[in-house]
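Right, one structure below, let's go through it.
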Amino acid sequence: MTQEILFPNSHTKPKISQNLLQKYTNIAVNPQIHSGWPHIQNTRILAVDIFRAIVKGYTYERITMDFKEMGVRVTKTELEDAFNFTLSWLNEASNEREKKASK
């Protein structure tokens, strides 16, 4: 599941808890956008893409500027939510996997 989260494709439907979506209100899921994969609300920016960029060493400021150059307005708070959402989602998936393994 972890690999499916980090490398989404249109053939799999993501499993996301409602608690996560309620906690991170800047993150949305819409079946018409990226086949229902979590994205920053009112954009087509996948949450996992922001997570991967931060892990690679990009700063929130650089990501904000890169999107601004493309004509997309995104705030640091939205980017932080995308990163933290993905981190929490990965943690949930890992905990679920451990529970299944211990049975």
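Just a few scattered comments:
- Residue that is modelled with the lowest pLDDT, among those in region 12-47 that are in a helix (DSSP H, G or I) and touching a strand residue (DSSP E or B) at 6+ places or on another chain (Cβ under 9 Å): 34
- Within region 53-103, if we keep just the residues that are of a type in the set (Lys, Arg) and modelled with pLDDT under 95, the residue that is farthest from residue 37 (Cα to Cα) turns out to be 103.
- Of 28, 101, 53, all but one fail to be within 18 Å of residue 14 (Cβ to Cβ) and among the small types (Gly, Ala, Ser); the exception is 28.
- Among (1) more than 16 Å from residue 21 (Cβ to Cβ); (2) assigned to a helix (DSSP H, G or I); (3) in contact with a strand residue (DSSP E or B) (Cβ under 7 Å, 6 or more places away or on another chain) - the single one residue 85 does not satisfy: (1)
The values are calculated or read from the model by the stated rules, or taken from the named source; none is laboratory data. Remember, it's a predicted structure, so these values are computed and weren't measured experimentally. Here the Cβ is made from the backbone with ideal geometry for all residues, glycine too, and neighbour counts use every protein chain on show.
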